[in-house]
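Notes for the one structure printed next.
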Amino acid sequence: MKVTNAEITISAVSQKQYPGGFLPEIALAGRSNVGKSSFINKLIQRKSLARTSSKPGKTQTLNFYKINGLFYFVDVPGYGYAQVSKKEREKWGQMLEEYFQTRETLKAVLLITDIRHEPTKDDIQMYDYLKYFNLDVIVIATKADKIPKGKKEQYLKRTRKVLQMDQTDPVIAFSSQTGEGKEAAWGVIKQYL
Ligand code: GTP
Ligand code: MG
């Protein structure tokens, strides 16, 4: 997709702040620092519309990015970040629950994992959680630039196996650095728009 317009509509912490209207939404979930915001930037070819950081915990709110006036990418704060208090974690849990359980315009969730590592307990929990709410899940195994090409299939297989993914759920190798997987990702996203 050629993105000609991308803008942040709102950073929301609760339902009443979500954008109105009926545009479809694609949300990004995944461990903190895994590359969710970088994924958005790469797809829309903007260096830093979605704020990224080498330190985990950069995205703290539900950030709604309107793309071509056609749909929203929703950047969701990451999990598995050690330096958060119990109270903050509870707040995070409530914010996600409210979003994933009630948002009717949410069409699919891109679960971003790190291709180099076995999916974590938190990744497995998130995958199961999303499936429990009958959401369509697409796994994006990012940072593919950091592994030898020859290992890719093996790592993708491991991701599938550890998450116990449904056969029909896609998993795509991706890199925000090289753009690998970008067309494949758009291909899946377009099916929901
Ligand atoms: P939170 O907002 O904290 O949840 O993190 P995030 O998932 O949005 O991660 P972010 O996009 O901010 O990226 C975290 C770090 O990983 C940054 O230093 C990025 O440059 C780096 N990064 C993201 N994607 C890739 C990738 O595909 N390859 C490489 N080599 N680095 C990446
Ligand atoms: Mg982020």
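Every read-out reported here was derived from the displayed coordinates using simple, explicitly stated rules and does not represent laboratory data. The model shown is predicted, which means the values in this text are computed figures rather than measured ones. Quick reminder, even Gly has a Cβ in these numbers, built from the backbone with ideal geometry, and neighbours come from all protein chains shown.
Working only within region 160-193, note down all residues that are among the acidic types (D, E) and in contact (Cβ under 8 Å) with a residue 12 or more places away in the chain.
Result: D166, D169, E180.
R89 fails exactly one of the following numbered conditions: (1) surrounded by fewer than 16 Cβ atoms within 10 Å (Cβ to Cβ); (2) part of a loop (DSSP other than H, G, I, E, B). What is the number of that condition?
It fails just one condition, (2).
What are the residues in region 34-83 that are under 18 Å from G20 (Cα atoms) and out of contact with any strand residue (DSSP E or B) (no Cβ under 7 Å at 6 or more places or on another chain), if any?
Hits for region 34-83 are N68, G69, L70.
Check region 160-169 and report whether any residue there is of a type in the set (K, R), under 20 Å from Q45 (Cβ atoms) and out of contact with any Cys (no Cβ under 6 Å at 6 or more places or on another chain).
Among the residues of region 160-169, not one is of a type in the set (K, R), under 20 Å from Q45 (Cβ atoms) and out of contact with any Cys (no Cβ under 6 Å at 6 or more places or on another chain), which makes the answer no.
Give the residues of region 45-72 that are away from ligand 2 (no atom under 11 Å from the Cβ) and under 14 Å from the mean Cα position of the chain (by Cα), sorted by residue number.
Within region 45-72, L62, F64, Y65, Y72 qualify.
Within the set of pairs 6+ apart or on separate chains, which have a first residue in region 6-20 that is in contact (Cβ under 8 Å) with a residue 60 or more places away in the chain, a second that is surrounded by fewer than 12 Cβ atoms within 10 Å (Cβ to Cβ), and C-beta atoms under 8 Å apart?
Q15/T102
Filter region 59-86 for residues that are surrounded by fewer than 23 Cβ atoms within 10 Å (Cβ to Cβ) and of a type in the set (G, A, S); which is nearest to E25 (Cα to Cα)?
G69
Take the residues of region 54-81 that are small (G, A, S) and either in contact with a helix residue (DSSP H, G or I) (Cβ under 6 Å, 6 or more places away or on another chain) or within 12 Å of ligand 1 (Cβ to nearest atom) (or both): which is farthest from G35 (Cα to Cα)?
Result: G80.
If a residue has to be farther than 12 Å from Y79 by Cα, more than 10 Å from ligand 2 (Cβ to nearest atom) and touching a Leu at 6+ places or on another chain (Cβ under 8 Å) to count, how many in region 20-40 make the cut?
Of the residues in that region, 5 qualify.
So which residues in region 82-106 are in contact with a helix residue (DSSP H, G or I) (Cβ under 9 Å, 6 or more places away or on another chain) and within 14 Å of L193 (Cα to Cα)?
Matches in region 82-106: L106 only.
Which residue is nearest to A12 (Cα to Cα), if the candidates are limited to region 28-57 and must be basic (K, R) and in contact (Cβ under 8 Å) with a residue 24 or more places away in the chain?
Taking the candidates together, the pick is K36.
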